[in-house]
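This report concerns only the one structure given below.
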Amino acid sequence: MLIIQDVLVSNDVVEKHFLCNLNACKGACCVEGDSGAPLESHERQILSQIYEDVKPYLTTEGIQAIEEAGVSVYYDEAEEYGTPLIDNGPCAFITYDQLGIAKCGIEQAHIDGKIDFKKPISCHLYPIRVEANEESGFEAMNYDKWDICSAACELGKKKQLPVYKFLKDAIIRKYGEDFYEELDAAANYMSENNDETA
């Protein structure tokens, strides 16, 4: 476990490898799961503001789910707000490309210059999940291993790309460049020491 600027970082974040392989998984992380993408409080407000710009990118079923439930839903089991789902399945903000690969309608609107918001930070950071402990004031970054991402793990290992490096932009977006540089230095130190003791 590493401690970077009051954030507990699991060793798996720096030791495991990951590189999204959409051709293999078809964007399954937008389709599978028991609840929608976790949302920070300010993101719920942002989604309300940008919904009309994102709407043209969404499926008919997604639009219906959002207009029935709202842009965010409280999930009792997870004890947090998240994006709504289509019939307890895919995220309501899902879209599909010509190859049938599931993608984020919010991100597509961002790529096309319609909105400034990229997508919820929980999606941007995946497969890292951040949990906050309000009592201690610490946040914990954990690697969320999911069998639907096995192809991403294999590709990441082949390319020797650690999880945290794959998620460099997302980590900087969440915590800033200084945080990422400290994390990278700590990861390199760990790697050098592991090589020496191997």
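Here, each number is a calculation from the coordinates, and none is a lab measurement. Just so we're clear, the structure is a prediction, and the values are computed from it rather than from any experiment. Heads up, the Cβs are rebuilt from the backbone with ideal geometry, glycines too, and the neighbour counts pull from every protein chain shown.
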> Seen from all sides and averaged, what is the projected area of the convex hull of the Cα atoms in the stretch 45-136, in nm²?
Replying inline: 7.2
>> Quick check on my link table: of K55/K114; K55/K174; K16/K165; K16/K159; K16/K119, which ones sit more than 20 Å apart, alpha carbon to alpha carbon?
In response: K55/K174; K16/K119
> Sorted by mean Cβ packing within 10 Å, highest first, what order do the peptides 115-123, 175-183 take?
Replying inline: 115-123, 175-183
> Picking from D53, D112, D12, which is most flexible by a Gaussian network model of the chain using Cα springs under 10 Å?
Replying inline: D112
